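Below is one structure, written out as structure tokens; comments come after it.
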Amino acid sequence: DLDCTIFAKLEMLNPGGSVKDRIAFPILDAYEASGELKPGGTVVEATSGNTGVGLAIACAIRGYASVFVLPDKMSQEKISMLRAFGARVVVTPTAVLPEDPRSYYSVAQRIVSETPNAVLANQYHNPANPQSHYETTGPEIWNQTAGKVTDIVCGMGTGGTITGIARFIRDQGHPVKIIGVDPQGSILFEAWKRGGDISGLVAASYLVEGIGEDFIPTTLDLSLLDEVVQVSDAESFAWTRRLVREEGIFCGGSCGAELAGAVKYAQQLGPDRNVVVILPDSGSRYLSKIFDNEWMREHGFSIPGAESATVADVAETNQSMDLVTARPDDPLKLVIDRMRASAVSQLPVVDEHGRLLGVVSEVDLLKHLIETEADPLAAMTIAAVVKEDVPTVSSDTVFERALPILTQHKVVVLVDHQEKPIGILTVIDALAWMSQQRAE
């Protein structure tokens, strides 16, 4: 619970569905005024997608061709939308340095050099970027809050939005705090802490799109920021989904990141503070990612609405909590008969005190029988077949967190505080539970 009030500025309501619409026409205006962009020309840009959409609209209206270079982590929806406006889309690898000839910055520059009458929109270094927010976004926030805004929270990619807003606020003498949000993996948080020094900083991979960088764009003035908050992909995507389900705001992953940052920052604020957070774009561009449960699971993220389900809940769906066990000295035939009677494919194996030793499976039993077909069955025990490296979890473990373990090992044993097995979770249990949830 927060004592302050948080207001969201919904930039997905712009014509192209994002805050980047604001910079498109100013960029074209500047190039037309300088004479660098002539009728029939081509506009090229390295973009995470949203700037491309804004520019594609502007180019369509003014009769220019457009080429957009995107890193390969961007959603298919963004690529399809750009092509719908008639743009050419070039996809490049994400995990390369900015100066690498394969990077989306380098490829965009090469296309400009090879294309007659072409300009690079250059959002990372074009002064029209922050200036457009100085002239529009900043004044809008001040006027729409009747001058009562006390804190503004904004993500940082090119930095144009937060820099333009901050310059307007500073030039007007308004006592407003400017807070940046940066995803873990980006270098901007550490760069701000160091006063702009990026020596030795190396970016790591992250999945949230549109914010964060592996260099400092000249359109970003870190000295204007009062604080920078760092957020994870998991926090970003969880808040993105919450915004849709709890507030009815269908927005993208950077929106979740910025709200996550706003909530972290706002913990320290009192009831006299009015926080404005910028929500940059629409969720329609992330249907195949953040809003796709399978994509979320594949990347290890929890699914909102499934967090309360424990491994015990899932195991009970298939009655796997009625536990049947075996001992290492049990006859092999007895264990086979027990598995057949209980309709299970594997059993936890325990010692004389009931503590877990491992698991025996029908596959391992079959292999053992084939390998020892000359030996008398009556004399065999399961001791040589017990697999000891079985993963264990407590029964109250959240199912989503145990799912990556289950997919790797095919079985997880539920244990109590004394390491005694109290249940077993198999792939079929997970399939049965997940299909039931989807059907509901």
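Here the range 162-276 is assigned +1 on the Cβ of each Lys and Arg and -1 on the Cβ of each Asp and Glu. Its dipole about the Cα centre then comes out at about 260 debye. Secondary structure note: in the chain, about 30% of the DSSP beta bridges are antiparallel. Using the Cβ of residue 116 as centre and a radius below 13 Å, the other residues enclosed give a net charge of -1, where K and R count +1 and D and E count -1.
In this structure, the residue pairs whose Cα-Cα separation is over 29 Å, taken from 333/387; 20/73; 9/78; 289/387; 193/264; 289/410, are 289/387. Relative to the dominant Cα principal axis of the chain, helix 233-247 is inclined by about 80°. For the pair residue 201 and residue 246, label points projected 7 Å from Cα toward Cβ lie 3.1 nm apart. Using a ≥ b ≥ c from the Cα gyration tensor of the range 21-120 (square roots of the eigenvalues), is it rounded, prolate or oblate, where a/c under 1.5 gives rounded and otherwise the larger of a/b and b/c decides, a/b for prolate? It comes out oblate by the Cα gyration axes.
For Cα pairs less than 8 Å apart in space and 6+ apart in sequence, what is the mean separation divided by the residue count of the chain, i.e. the relative contact order in percent?
14
Cα centroid separation, the range 1-75 to the range 107-126: 15 Å.
Nearest 0.05, what FRET efficiency do residue 299 and residue 62 give at R0 = 41 Å with Cβ-Cβ as r?
Details: r = 39 Å, r/R0 = 0.96.
The calculated FRET efficiency here is 0.55.
Rounded to the nearest 10 degrees, the inclination of helix 332-342 to the longest alpha-carbon principal axis of the chain is 60 degrees.
Mind putting a number on the dipole of the range 335-440 about its Cα centre? Charges go on the C-beta only, +1 for Lys and Arg and -1 for Asp and Glu, and I need it in Debye to the nearest 20.
Values: 9 positive and 16 negative charges, 52 e Å.
Dipole of the range 335-440, to the nearest 20 debye: 260 debye.
As a calculated quantity, the FRET efficiency between residue 268 and residue 29 at R0 = 45 Å, using C-beta atoms, amounts to about 0.60. Cα gyration tensor of the range 171-287, axes a ≥ b ≥ c as square roots of the eigenvalues: rounded (a/c below 1.5), prolate (a/b > b/c) or oblate? Verdict is oblate for the range 171-287. Return the calculated 222 nm mean residue ellipticity for the chain, to the nearest 500 deg cm²/dmol, obtained by summing -39500 (n - 2.57) across DSSP H runs with n ≥ 4 and dividing by the residue count. That comes out to -11500 deg cm²/dmol. Between the helical axis of 50-62 and the dominant principal axis of the chain, each derived from Cα atoms, what acute angle in degrees is found, rounded to the nearest 10? Orientation of helix 50-62: about 40 degrees from the principal axis. On the beta carbon distance between residue 91 and residue 333, with R0 = 60 Å, the FRET formula returns roughly 0.50.
Cysteines in the chain that lack a partner Cβ within the 4.7 Å cut-off: 4, 59, 154.
For the range 245-305 and the range 344-368, compute the distance between their C-alpha centroids and round to whole Å. Value for the Cα centre distance between the two parts: 44 Å. Between residue 362 and residue 431, the modelled label-to-label distance comes to 1.2 nm, taking each label 7 Å out from Cα in the direction of the beta carbon.
About the centre of its Cα atoms, the chain shows a dipole size close to 1240 debye [charges on the beta carbon of Lys, Arg (+1) and Asp, Glu (-1) only; nearest 20 debye]. Extension gain, residue 73 to residue 99: 0.36 nm times the residue separation minus the Cα-Cα distance gives 7.5 nm.
Quick note: the coordinates plus some simple rules give every number you see, no bench work behind them. Model, not experiment: these values are computed from the prediction. Glycine gets a Cβ as well: all are built from the backbone with ideal geometry, and neighbour counts include every protein chain shown.
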